Amino acid sequence: MFSRMLNQPKTFCRKLIGQAAVASICVATSLFSVSATAEEIGYPEKEELKFGFIKLTDMAPIAIAYEKGYFEDEGLYVTIEAQANWKVLLDGVIDGRLDGAHMLAGQPIAATIGYGTKAEIITPFSMDLNGNGITVSNDIWKQMKANIPKRADGKPVHPIKADALKPVVEKYTSEGKPFNMGMVFPVSTHNYELRYWLAAGGIHPGFYAPHKGDTSGQIDAEALLSVTPPPQMPATLEAGTIYGYCVGEPWNQQAVFKGIGVPVVTDYEIWKDNPEKVFGITKAFAEKYPNTTVRLTRALIRAAKWLDENDNANRPEAVKILSQSNYVGADYDVIANSMTGTFEYEKGDKREVPDFNVFFRYNATYPYYSDAIWYLTQMRRWGQISEDMPDSWYFDVAKKVYRPDIYMKAANSLVKEKLMSASDFASLTGEDGFRNPQTHFIDNIVYDGTKPNEYINKFSIGLKAGDKI
């Protein structure tokens, strides 16, 4: 059953020269260059696995790998279990109750550097690009609208920047009212995206000071951000506990359907094609079960390809699967509102956003070092990393957590067995783990992952070199 053939990728080393730092990072890159035998993947050392997830549409690769039999094709018999929140999920992977999980991209990174729970977590697979939005209550939206230019048809011009929210926040502050907003976890993409959007509009989202025992993230804050689990976001907004939130789907569209809030901006508009979730496992799991690790990565790659192929032709079927109570459990129409290439802002203002959810194209599944480094720069910007670190430190952490070598071994073998085409991975030939400098940010600041400290110093709001709370 497991007479598999694969190619062992060669190693490509890139010498990076940063600010007073030189780091050599080796990544697996060359596709289809060396013949290999089936034994190089081998039988899965552990066949029965349990994976965790949070009820969000971007857990889709796990659901599809299960429903389409891709896990079973690898000799893996998987149980999938929803988790109460991101901390419970992370703890489950660390203590072995879960073998792996759908994770916030920041979780393996934070665990590795010891922010919060200390543990060695790695990722061989990036689960998706984009997929989040920022929603505000109807009352806040009404106040914001006066500050937003309109198109000829009367609808707001997008992207909507936090500049439109700033006068509202200032009004609340002058009246002595805290302006509360929700995000899903302190090291979540949602936290960093919400902070990025607010700061780009001149609203300070606050600092962390873990060296002082302050992990509230509200030092000097003009908007107070706190944690709310994703499925609870709409109800918390409706109760008036928060005035807005950043969350993944379907919980922005749920606010539209319930008539309680308006999504004002997507993360695609904050940072085009930003990395979102990863599949996380412990380093110990990968070392103890290397064949199993490659095989589960193969299954997830195939699932991601299925989700995007033929211009998202499979998305309606995927939405039907995700709407099941054992997965996301939201109504079909709510999930479809974003998963099938559209996004509804104000009720009735539905716009084409074909890349709102990306699972495979644009190398979405490849674990780029530069993606990991971006998260680290934001941790430093907001004080979760208390001290300055040299560029080499950022590179070393990224190399520990993100594992393109495992990914490429899986990709090579899929092509060798004709389960996927070489063209599916053609743009990864010669890949060094660093995206080209990225320009599509809402504040037009360019991100170059090879120069993390230079990037951090570009922001008008946030810690810079030499700063400490």
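In table form, for the structure just shown:
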quantity	calculated
Accessible heavy-atom area order of VAL262, VAL446, highest first, probe of 1.4 Å	VAL446, VAL262
Percent carbon-and-sulfur accessible area, region 209-360, ignoring ligands, DNA and RNA, probe 1.4 Å	46 percent
Over the chain, equivalent-ellipsoid semi-axes from the Cα gyration tensor in Å	35, 26, 20
Restraint check, LYS145/LYS320; LYS68/LYS283; LYS288/LYS399; LYS272/LYS399; LYS150/LYS320; LYS50/LYS350, Cα-Cα greater than 30 Å	LYS145/LYS320; LYS150/LYS320; LYS50/LYS350
Euclidean distance of C-alpha centroids, region 133-199 and region 38-100, integer Å	36 Å
Average accessible surface area per residue within the chain, 1.4 Å rolling probe, Å²	36 Å²
The chain: relative contact order in percent, alpha carbon pairs under 8 Å with at least 6 residues between	25 percent
Order by protection proxy (mean Cβ within 10 Å, highest first), peptides 223-232, 315-324	223-232, 315-324
Alpha-carbon centroids, region 399-433 and region 302-381: separation in whole Å	21 Å
Point-to-point label distance, ASP333-VAL88, nm (Cα→Cβ direction, 7 Å offset)	3.0 nm
Cα-projected label distance for LYS283 with ASP73, points at 7 Å along beta-carbon direction, nm	3.2 nm
Peptides ranked, highest mean first, by Cβ atoms within 10 Å: ranges 128-135, 271-278	128-135, 271-278
Accessible surface of region 42-152, 1.4 Å probe, proportion on carbon and sulfur as whole %	47 percent
LYS409, LYS418, LYS399, reordered so the largest accessible area comes first (probe 1.4 Å)	LYS418, LYS399, LYS409
Cβ-Cβ FRET estimate between PHE441 and ALA465, R0 fixed at 25 Å, reported to 0.05	0.75
Peptides 429-435, 60-66 ordered by average Cβ neighbours within 10 Å, highest first	60-66, 429-435
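The values are calculated or read from the model by the stated rules, or taken from the named source; none is laboratory data. The structure displayed is predicted, hence computed values, not measured ones. Here the Cβ is made from the backbone with ideal geometry for all residues, glycine too, and neighbour counts use every protein chain on show. The area values use the complete protein model at the heavy-atom level, side chains included, leaving out ligands, DNA and RNA. Shrake-Rupley method; radii C 1.70, N 1.55, O 1.52, S 1.80 Å.
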